[in-house]
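*Asks:* Take a look at the following structure, please.
The values are calculated or read from the model by the stated rules, or taken from the named source; none is laboratory data. These numbers come from a predicted model, not from an experiment. As a convention, Cβ positions derive from the backbone with ideal geometry for all residues, glycine included, and neighbour counts pool all protein chains shown.
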Amino acid sequence: MTPGFAQSLKDSYLEGASDEEIDSSWLTFLQQPFLINLASTLASVKTSKSLTDSQATESGYKAHSSNYRIIHFGTHGILDDKSPLFSKLIFAKDKEEDGYLHTYEIYGQNLNADLAVLSACQTGKGKWSDGEGVISLAHGFTYAGCPSVVMSM
């Protein structure tokens, strides 16, 4: 199986999937080892904080996101073409949050970061809005105060 085919399979599997199917996939099928290795390497930098596996929760992100100049996500993203504010990044679940960081939640944040790196599928896709551009997960970070965003399509 080629990497392109595997990614296509993962994307099509998540499209239209229920929350339960996404949760199951997060724990098994959709792990991204190269991003876990990157997080481990970045954790050695004294001014960084890496949240991986069960620590990579939405509430953990919200607790730490305003403390850093660079925010890097190595997770999965799901595009909602019909309602782009409901597009989301997938996190591990905990008792405080549902594990889905939606675009509308990002809009409500006050980020101090200079750069957000979104290593997740479809984070730059969304619906065109006159006067705003593409309403996407990436747009949410810009709106929340992060002037530079690197995203994937």
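*Asks:* Where residues in the stretch 111-123 are in contact with a Gly (Cβ under 8 Å, 6 or more places away or on another chain) and not small (Gly, Ala, Ser), which of them is surrounded by the most Cβ atoms within 10 Å (Cβ to Cβ)?
*Replies:* THR123
*Asks:* Hey, among GLY124, GLY131, GLY108, GLY99, which residue is in contact with an Asp or Glu (Cβ under 8 Å, 6 or more places away or on another chain) and not basic (Lys, Arg)?
*Replies:* Just a single option satisfies the conditions, and that option is GLY99.
*Asks:* Then there is this: If you go through the stretch 124-153, how many residues are assigned to a loop (DSSP other than H, G, I, E, B), of a type in the set (Gly, Ala, Ser), crowded, with 17+ Cβ neighbours inside 10 Å and at pLDDT 90 or above?
*Replies:* Total satisfying the criteria: 1.
*Asks:* Looking at the stretch 79-121, which of the residues that are β-branched (Val, Ile, Thr) and outside any helix (DSSP H, G or I) is nearest to ALA56 (Cα to Cα)?
*Replies:* ILE90
*Asks:* Inspect all residues belonging to the stretch 61-77 and state whether any of them is out of contact with any strand residue (DSSP E or B) (no Cβ under 8 Å at 6 or more places or on another chain), in a loop (DSSP other than H, G, I, E, B) and either more than 25 Å from SER18 (Cβ to Cβ) or not hydrophobic (A, V, I, L, M, F, W, C) (or both).
*Replies:* Scanning the stretch 61-77 turns up at least one residue that is out of contact with any strand residue (DSSP E or B) (no Cβ under 8 Å at 6 or more places or on another chain), in a loop (DSSP other than H, G, I, E, B) and either more than 25 Å from SER18 (Cβ to Cβ) or not hydrophobic (A, V, I, L, M, F, W, C) (or both).
*Asks:* Go over the candidates SER83, SER87, SER65, SER50 one by one and state the one that is exposed (fewer than 15 other Cβ atoms within 10 Å of the Cβ) and among the small types (Gly, Ala, Ser).
*Replies:* None of the other options fit; the residue is SER83.
*Asks:* Can you spot a residue in the stretch 91-110 that is at pLDDT below 90 and surrounded by 19 or more Cβ atoms within 10 Å (Cβ to Cβ)?
*Replies:* Yes, because at least one residue in the stretch 91-110 is at pLDDT below 90 and surrounded by 19 or more Cβ atoms within 10 Å (Cβ to Cβ).
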